[in-house]
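The structure appears right after this line, and notes come after that.
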Amino acid sequence: QLRETFLQELKQLMAQPHVDIWFADESGFEGDPRPRKRWDKKGSKTRVTKNGGHLRMNVIGMVCPRSGQFFAIEASHSDSATFQAFLDEADKTVSFQRTTNILIVDNATWHRRKDIHWHRWQPKYLPPYSPDLNPIERIWLTMKARWFNNYVCKNEEQLLERLDQAILDVINNPKKTQKTACIGTL
């Protein structure tokens with residue numbers, strides 16, 4: 001019921017010409033991804049490189065499916081202070097194209113704090129257990145598949161460099177981002 005109500009509200013918002021809808025979320029990127037199943041020639045042994053440590057970085061991002069505009073920051077972890085820093089930086093960086101901007105986020109505790117300053121966004125929350133309704137999840141999947149599939153970093157600097165390249169690829173290709181984050185006709 002909550003999902004259906006959310007979809008109806010989203011459809012109404014999308015029909016308004018002065019409204020842009022943004023979707024935000026956090027995702028973790030592994031510098032030493034766990035081995036996955038893959039094809040190899042019969043009789044040969046697949047070589048799996050492991051650096052022995054555990055390298056991980058979080059990315060907090062937002063995407064506007066209508067324009068393909070994407071904004072993200074890298075962070076060591078996610079909490080209310082990090083999320084506030086993300087909103088502060090996004091407010092300075094994002095070029096707003098419409099007068100009303102809705103930011104749809106999940107129900108993480110740091111998204112629901114009363115002291116969050118949303119700047120020019122109006123928060124709207126996804127129904128519980130509905131990551132499939134957030135198109136930024138597809139952005140994360142594409143980034144991981146393209147930039148981190150079978151890629152092992154030797155150190156944190158390498159991970160950050162690769163992550164920078166992946167983020168810039170999404171930012172610099174708004175048409176591709178628009179396609180990936182498309183929410184279609186509801």
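The values are calculated or read from the model by the stated rules, or taken from the named source; none is laboratory data. Fair warning: this is a prediction, and the values are worked out from it, not measured in the lab. Ligands, DNA and RNA are stripped out before the accessible areas are found, and what is left, the full protein with its side chains, is counted by its heavy atoms. Shrake-Rupley method; radii C 1.70, N 1.55, O 1.52, S 1.80 Å.
Summing -39500 (n - 2.57) over the DSSP H runs of n ≥ 4 in the chain and dividing by its residue number, what mean residue ellipticity at 222 nm do you reach, to the nearest 500 deg cm²/dmol?
Value at 222 nm, helices only, nearest 500: -9500 deg cm²/dmol.
Read through the labelled values [x] 16.4; [y] 9.0; [z] 12.7 and report the label of the one computed as mean projected area of the Cα convex hull in nm² from the structure.
[z]
Quick one: which residues, 5+ away or cross-chain, put their amide H under 5 Å from the amide H of D25? H built at 1.01 Å from N.
Those qualifying (amide H under 5 Å, at least 5 residues apart or on another chain) are G61.
D106's amide H: which non-local residues (gap 5+, or another chain) put their own amide H closer than 5 Å, with H modeled 1.01 Å from N in plane and none for Pro or chain starts?
Those lying under 5 Å, H to H, from D106 are L126.
Quick check: residue separation of L7 and T100 times 0.36 nm, minus the Cα distance between them. What number comes out in nm?
Difference between extended and current length: 31.6 nm.
Straight-line reach from K41: which lysines have Cα under 26 Å away, leaving out those fewer than 8 places along the same chain?
Output for K41: K50, K144.
Greater than 32 Å separation of Cα atoms is the criterion. Which listed pairs, K92/K124; K114/K179; K114/K176, meet it?
The answer is K114/K179; K114/K176.
Run the numbers on the chain and let me know its relative contact order in percent, using alpha-carbon pairs under 8 Å that are six or more apart.
It rounds to 31 percent for the chain.
Round to a whole number: what % of the accessible area of the chain belongs to carbon and sulfur, probe 1.4 Å?
That fraction is 53 percent.
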